[in-house]
Amino acid sequence: MERWTQEAAAKWYEKAGVIRGCNYLPRTAVNSTEMWQAATFDPKTINEELGWAAKAGYNSVRVFLQYLVWEDDAKGLQDRIEQFLAIAGKHGISTMLIFFCDCAFSGRDPYLGPQADPVIGVPNGGWVPSPGFARVADKSAWPNLEKFVKDIVGRFANDERVLIWDLYNEPGNSKMEGKSLPLVDASFAWAREMKPRQPLTTGTWFEYEKPLQKRFAELSDIISFHAYTDAKEVTRIIEFLQSHGRPIICTEWLTRQHGNTFENILPVFRENKVGWYQWGLVTGRTQTCYQWESKPGDPRPAVWQHDLFYEDGRPYDPKEIKLVKSFEFGK
């Protein structure tokens with residue numbers, strides 16, 4: 001199976017409709033390991049929170065998987081993904097699934113079992129990568145990584161509840177740089193072997209004009225990107241990515257303290273027909289309402305960086321809910 005044609009990508013995007021989404025972990029999970037391992041998988045909270053999301057106008061979520069959970073309990077992870085998709089689908093919400101990630105804000109390799117509690121004031125301080133940097137660089141570990149991708153894509157390749165596959169989140173982060181590119185290339189090949197009906201993507205996220213980032217776009221059926229900057233820079237990024245001639249989705253954004261707000265960014269997306277997933281739904285163990293500038297022990301900031309709801313379902317800012325609900329593409 002080869003990369004989709006521009007025509008096929010455009011047809012898919014038209015059928016998908018206007019994507020209004022968020023990156024999602026339940027408030028009870030500090031990272032993707034805690035979200036997916038059997039002991040801490042929390043369908044009751046997921047159902048409650050995705051109900052809030054649907055009422056707010058969201059129709060899709062972007063969700064990180066964790067290789068270690070699959071390695072430990074492959075069938076269990078598949079069954080929990082099935083349960084998650086059923087819950088999301090019940091609320092009219094599709095899912096984008098992510099396999100690998102180079103972000104390591106905790107400074108730790110991924111590990112199973114109880115996850116360390118967050119430090120007050122530190123955003124996303126419990127986040128661990130997938131599959132872990134040693135496995136990324138060690139090709140003797142790749143046969144299992146290949147099985148991981150093929151196992152999950154193969155199981156859900158024809159499932160309409162899966163909207164799109166995001167194969168690798170921010171490859172090259174955590175000083176990995178070009179060391180992650182071979183696994184990015186391999187991931188696309190493995191996923192395509194399973195002939196999914198859904199498109200594949202890996203987002204550009206930094207220094208968008210550099211060869212490494214351009215390679216991610218060249219592999220992708222649908223172009224995706226991250227942008228935590230102001231509206232002027234987001235517009236510039238979109239204009240640059242439009243040269244690929246494919247639909248564009250922003251899979252991470254929202255830093256209110258930097259002017260990257262619903263009020264400022266959604267008009268840019270509307271004008272350029274860009275679907276989107278902002279970071280965070282309900283503030284919780286990831287603590288992503290705290291700003292990058294926050295220090296350990298700081299109180300919750302008056303201006304949240306990410307997230308839309310308090311733990312009890314109250315919106316951080318009701319005006320933002322109205323903007324989400326009313327978001328449509330310009331004519």
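Of all residues in region 296-304, one or more are under 30 Å from Lys44 (Cα atoms), under 21 Å from the mean Cα position of the chain (by Cα) and aromatic (Phe, Trp, Tyr).
Applying the set (1) farther than 20 Å from Gln78 by Cβ; (2) in contact with a Phe, Trp or Tyr (Cβ under 6 Å, 6 or more places away or on another chain); (3) β-branched (Val, Ile, Thr) to Ile19 leaves exactly one unmet item: (2). With respect to the stated conditions, Arg300 is open to solvent by 40 Å² or more (accessible area, probe 1.4 Å) and free of Cβ contacts under 8 Å to residues at least 24 places away in the same chain.
Filtered by the rule that a residue be surrounded by fewer than 22 Cβ atoms within 10 Å (Cβ to Cβ), more than 19 Å from Pro131 (Cβ to Cβ) and of a type in the set (A, V, I, L, M, F, W, C), region 61-115 gives Leu85, Ala86, Ile87.
In region 41-53, which residues are in a loop (DSSP other than H, G, I, E, B) and touching a residue at least 24 places away in the same chain (Cβ under 8 Å)? Steps first, please.
Here is the first cut: in region 41-53, the residues in a loop (DSSP other than H, G, I, E, B) are 41-42.
The answer is Phe41, and nothing else.
Selection of region 127-153 for residues being open to solvent by 10 Å² or more (accessible area, probe 1.4 Å) and part of a loop (DSSP other than H, G, I, E, B) yields only Asp138. Residues in region 6-40 that are open to solvent by 30 Å² or more (accessible area, probe 1.4 Å) and in a loop (DSSP other than H, G, I, E, B): 5 in all. I'm trying to understand the selection: among the residues of region 171-197, which are open to solvent by 20 Å² or more (accessible area, probe 1.4 Å) and part of a loop (DSSP other than H, G, I, E, B)? Residues satisfying the conditions are Asn173, Ser174, Lys175, Met194, Lys195, Arg197. The set of residues in region 270-297 being touching a residue at least 40 places away in the same chain (Cβ under 8 Å), over 19 Å from Val30 (Cβ atoms) and open to solvent by less than 10 Å² (accessible area, probe 1.4 Å) consists of Gly275, Trp276, Tyr277, Gln278.
The values are calculated or read from the model by the stated rules, or taken from the named source; none is laboratory data. Note that this is a predicted model, so its numbers are computed, not measured. We place every Cβ from the backbone using ideal geometry, glycine too, and count neighbours over all the protein chains shown. Heavy atoms of the whole protein, side chains included, go into the accessibility calculation; ligands, DNA and RNA do not. Shrake-Rupley method; radii C 1.70, N 1.55, O 1.52, S 1.80 Å.
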